[in-house]
Amino acid sequence: MTTAAITTPAPAPRPIWLVLLCASRFATSLSFMVYAGALGPAMQAWGMSAGEAGSIQTAFNVGYALSLVGSSWFADSLGAKRVFLWASWATALTGIAFAFFARSAESGLLLFALMGLTQGGTYAPSIMLVAQGVPAARRGAAVGWLLAAGSLGYFASIALAAGLAERMGYEAAFIACGLGPLLAALLATPGLHGRPNLVAGGSTRRLRGAFRFLADRRSFLLTAGYTAHCWELLGMWAWLPAFLSASLAGSGGAGVRGLWIAGAIHLSGFLSSLLMGRASDRLGRRLVLVAMGVLGAACSVSIGWMDGMPLALVLAVAALYGFSALGDSPVLSTAMTESVEPGSLGAALAVRSILGFGAGGAAPLAVGLVLDHAGGAGGSGWGWGFALLGVGGGLATVCALLLPADRPDRS
């Protein structure tokens, strides 16, 4: 008598289109932090004040937010694949224009704003493509890979731009990083060749669906949690580099300051996106969201009071902060794809983007006002400023606790 061997089925390999989509996300992100990485040399070469320098980044952020909302909305009626590819090639063109023609404050503001206006159009459609092509049991891991590729691109963008700008001038940094979106488009176009372009209903249906999803308890809590998450994340991204720069200033490590800061914030974010999406597939979305919310709030409340403490400890907490503040991002996006009907997903993501980026855009200003009121950066100013961001982490935790319990599919 013979017996059949019992074997455990091997995990399904990642489809090539998903691998190329993640690679495209990485290449696009190479240009995201190029201005921040080369800011010092560009500021000196262009003779800009701090206000003028900040206005260029603000112009990019505004353009990015507008394209994020628009692309999410139109992805329902035109198809996520079509919108993603259009935005990818438009970003390639604006990336080339910025790389070779941004040579003054005026041209830099115009061209960086145009790049933001096109680059944001690749974000939500890429998440929708994952939702359309990956089963729910593995979707958290897939979205995690996508967002992790972006975080790795952010790190590479800062490190490459800062290194080239210091050694060869800001022009070399702009060219090296600005060509990233062209590579992204060249990867995505053949990678998505065999994927269908799914189109939903008309604009009236999308308009109803854009707000109807807020009547559902789970969708409402996910949207509120995402808004609180953006408050904490975007505020942290704006002010943590300045805090770490102050902590590193007296350490003798000025030459590698940008690399340390980028590593603490974005490499930890890369790991969290990679791990937390997969963890939510195994443990459930709710549990991971609660854990990341609590950890993020704890880091927000504590890190500002650590000015003057040993550098290794500050960097360790900063890395944990970057890990927790971004760790809920792939889980929130994955859970939203499971809570909203496919035909209204783009419109729902557009509403979510308005609320999230509205809160995230206000957070840096709010922290700045706290710092001014507390007498500037230093002393208790940092502590109270980051504690204000911790309100977002706390609210995100409450929203996660109120979510219905979910049981992951372990099949």
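The values are calculated or read from the model by the stated rules, or taken from the named source; none is laboratory data. No experiment lies behind these values; they were computed from the predicted model shown. A quick note on method: Cβ atoms are made from the backbone with ideal geometry, for glycine too, and the neighbour counts reach across all protein chains shown. For accessibility, only protein heavy atoms count, side chains too; no ligands or nucleic acids. Shrake-Rupley method; radii C 1.70, N 1.55, O 1.52, S 1.80 Å.
Local charge sum around Leu320 (other residues, Cβ-Cβ under 15 Å, Lys/Arg +1, Asp/Glu -1)? All intermediate terms of the calculation are to be shown ahead of the outcome.
Values: positive: none; negative: Glu232, Asp328.
Combined, the nearby Lys, Arg, Asp and Glu give -2.
On a 1.4 Å probe surface of the protein chains, which of Trp86, Trp239, Trp17 comes out largest in accessible area, and what is the full order? Could the numbers behind the result be given before it?
Working: Trp86 155, Trp239 65, Trp17 25 Å².
Ranked list, largest accessible area first: Trp86, Trp239, Trp17.
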For the stretch 106-118, 3J(HN,Hα) per residue [Karplus equation, 6.51 cos²θ - 1.76 cosθ + 1.60, θ = phi - 60°, Hz, x = Gly/Pro]:
5, 5, x, 4, 4, 6, 6, 5, 5, 5, x, 5, 9
With +1 on each Lys and Arg Cβ and -1 on each Asp and Glu Cβ, and nothing else charged, work out how big the dipole of the chain is about its Cα centre, in Debye to the nearest 20.
1220 debye
Here the Kirkwood hydrodynamic radius of the stretch 287-411, Cα-based and in Å, equals 16.2 Å
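Given contacts defined as C-alpha pairs under 8 Å and at least six residues apart, what's the relative contact order of the chain, whole-number percent?
On the way: 760 pairs, mean separation 101.9, N = 411.
The value is 25 percent.
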Quick one: pull the percent of accessible area on the stretch 286-383 belonging to carbon and sulfur, 1.4 Å probe, ligands and nucleic acids left out.
73 percent
Expected vector for the stretch 309-319, Karplus 3J(HN,Hα) from phi with 6.51, -1.76, 1.60 and θ = phi - 60°, integer Hz, x for Gly and Pro, equals 7, x, 4, 4, 5, 4, 5, 5, 5, 4, 5
Over the heavy atoms of Arg285, what accessible area does a 1.4 Å probe trace out, to the nearest 10 Å²?
20 Å²
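May I ask you to give the percent of accessible area on the stretch 8-103 that is carbon plus sulfur, with a probe radius of 1.4 Å?
Numbers: 3040 of 4140 Å².
The nonpolar share, carbon plus sulfur, comes to 73 percent.
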The chain: calculated mean residue ellipticity at 222 nm from DSSP helix runs of at least 4, using -39500 (n - 2.57):
-26000 deg cm²/dmol
Measuring with a 1.4 Å probe in the full set of protein chains, what accessible area per residue, in whole Å², belongs to the chain?
42 Å²
Across the stretch 128-144, in residue order, what do the Karplus-derived ³J(HN,Hα) couplings come to in whole Hz, using 6.51 cos²θ - 1.76 cosθ + 1.60 with θ = phi - 60° and x for Gly and Pro?
5, 5, 5, 4, 6, x, 10, x, 4, 5, 10, 5, x, 5, 5, 5, x
If every Lys and Arg gets +1 and every Asp and Glu gets -1 at its Cβ, then about the Cα centre the stretch 31-165 yields a dipole, in debye to the nearest 20, of 420 debye
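In what sequence, largest accessible area first, do Thr223, Thr58, Thr118 appear using a 1.4 Å probe? Before the final figure, lay out the partial values.
On the way: Thr223 5, Thr58 80, Thr118 25 Å².
Result, largest first: Thr58, Thr118, Thr223.
I need the trypsin sites (Lys or Arg not before Pro) found in the stretch 89-141, filtered to DSSP loop residues with at most 13 other beta carbons within 10 Å of theirs. Write down the numbers at each step before the final one.
On the way: sites: Arg103, Arg138, Arg139; in loops: Arg103.
Answer by residue number: there is no such site.
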State the Kirkwood hydrodynamic radius of the chain in Å, one decimal place, computed from all pairs of distinct Cα atoms.
21.6 Å
Around Ala172: net Lys/Arg minus Asp/Glu count, Cβ-Cβ under 15 Å:
0
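If I compute solvent accessible area with a 1.4 Å probe over the protein chains, what percent of it on the stretch 114-175 is carbon and sulfur?
On the way: 1220 of 1850 Å².
Ligands and nucleic acids excluded, carbon and sulfur reach 66 percent.
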Counting alpha carbon pairs within less than 8 Å and at least 6 residues apart, what relative contact order, in whole percent, applies to the stretch 11-134?
35 percent
Judged on accessible area alone, 1.4 Å probe, highest first, Trp237, Trp305 line up as Trp305, Trp237
